[in-house]
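*Asks:* The following block contains the structure, expressed as structure tokens.
FYI, it's all coordinate maths here, none of it is from the lab. Predicted model, so just to flag it, every value in this text is computed and none were measured. Positions of Cβ are generated from backbone atoms using ideal geometry, with glycine treated the same way; all protein chains shown enter the neighbour counts.
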Amino acid sequence: MRLLSTLWAISLLASLSVAAAASPAAQWSDTDGEFLTFKGQVLELHTAPGSGYPLFHAVESGEVIRVFKRRGDWYKVETASGLQGWVHRIHLNELADKDDRVVDFPNPTWKDAANTAQLGLLVGRTAGATSYTTYLNYRFTTHLSTELKYTQAFGDFSSTKMASLHLLHHPFPQWRLSPFFSLGSGSVKVSPNAVVAEPEDRQDSFIAVGGGLMYHFNARIDLRAEYSKSTILTTRESNEDIEEWKAGFSLLF
């Protein structure tokens, strides 16, 4: 009888050792985020947040994953083996918490926007002429961003091209309708449209101050209206002032 008990204990220990060897310990890189169990069939991971990026791993039913980062509709997850990838929100509706309750991943709102760069288009009036502006904005702190602008204005007697770099201050970034103030400088080139004897182009530097409002429409789109006044530093006896009124939108990425 004692021999049988000993053999049974040895067999049990051997089984536990094999199971431990077959199920390696989790290799989480961090404890931040939510640890959830996948209840579906297959959950495929992308290398980056976008459907155009390649798939490289599939999570199977019953596996635990760590959800720890969000970018718009995409979530970054980690498997127990330490692999990290991105999953779209619509594929996360089969994740359950430790109490076996399905976790809800709602649509992103403007408050979820964590993007630091914007690419935008503005349309308006520059010195009384119709103008179009494209800009690239990068926010490097909560309250400060830098912006590169290019403007073309088409008047009856001349066309204007302006390239400039600006610093923007956002005093209340937590507001959905948020004011901003700007200070910048750049170069302006004015080309007369007249066909008189060889009209000359004028190129000068300018400084600009302005402000406006940004409306955070959602996590991907901002609406914007602004006013600015530029002083052109000419080589003539007096400088020139240009006023601009514009409105448009930007895409966050």
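*Asks:* Give me the one-decimal nm value for the distance between modelled label points at residue 227 and residue 96, 7 Å along each residue's Cα-to-Cβ direction.
*Replies:* 6.0
*Asks:* Determine the dipole magnitude for the range 25-107: charges of +1 sit on the beta-carbon of Lys and Arg, -1 on that of Asp and Glu, nothing else is charged, the reference point is the Cα centre, and the result goes in debye to the nearest 20.
*Replies:* Dipole of the range 25-107, to the nearest 20 debye: 260 debye.
*Asks:* What net charge is computed for the residues neighbouring residue 97, neighbours being all others with C-beta under 14 Å from the C-beta of residue 97, Lys and Arg scored +1, Asp and Glu -1? Mind dumping the intermediate values first?
*Replies:* On the way: positive: 39, 66, 98, 101; negative: 34, 94, 99, 100, 104.
After counting each charged neighbour, the total is -1.
*Asks:* What is the local net charge at residue 225, summed over the other residues whose Cβ is closer than 14 Å to its Cβ (Lys, Arg +1; Asp, Glu -1)?
*Replies:* Here the count lands on 0.
*Asks:* What FRET efficiency comes out for the pair residue 172/residue 243, r = Cβ-Cβ distance, R0 = 25 Å, nearest 0.05?
*Replies:* Calculated value: 0.50.
*Asks:* Follow-up question, since we're still on this one. Kindly count the pairs of lysines across the range 86-234 whose alpha carbons are less than 16 Å apart, treating pairs on different chains or eight or more residues apart as eligible.
*Replies:* Close lysine pairs found across the range 86-234: 5.
*Asks:* List, in order, the whole-Hz ³J(HN,Hα) value for each residue of the range 118-130 obtained from phi through the Karplus relation with A = 6.51, B = -1.76, C = 1.60 and θ = phi - 60°; use x for Gly and Pro.
*Replies:* Once θ is set to phi - 60°, the couplings for the range 118-130 become 9, 10, x, 9, 10, 10, x, 10, 10, 6, x, 10, 5 Hz.
*Asks:* If you don't mind, there's one more thing I want to ask. Report the net charge of residues surrounding residue 42, where surrounding means a beta-carbon distance below 14 angstrom and charges are Lys +1, Arg +1, Asp -1, Glu -1.
*Replies:* -3
*Asks:* Right, something else. Under a crude label model (7 Å from the Cα following the beta-carbon direction), how far is residue 81 from residue 56 in nanometres?
*Replies:* 1.3
*Asks:* Pop a pseudo-label 7 angstrom from the Cα along the beta-carbon direction at both residue 64 and residue 39 and give the gap in nm to one decimal.
*Replies:* 1.7
*Asks:* Of the listed peptides 223-232, 136-145, what is their order by residue-averaged count of other C-beta atoms within 10 Å, with the highest listed first?
*Replies:* By packing density, highest mean first, the sequence is 223-232, 136-145.
*Asks:* Please check which bits of the range 229-253 a label hung off residue 207 would reach, taking the label as a point 7 Å along Cα-to-C-beta and the cut-off as backbone N under 20 Å.
*Replies:* Under cut-off, by backbone N: 229-244.
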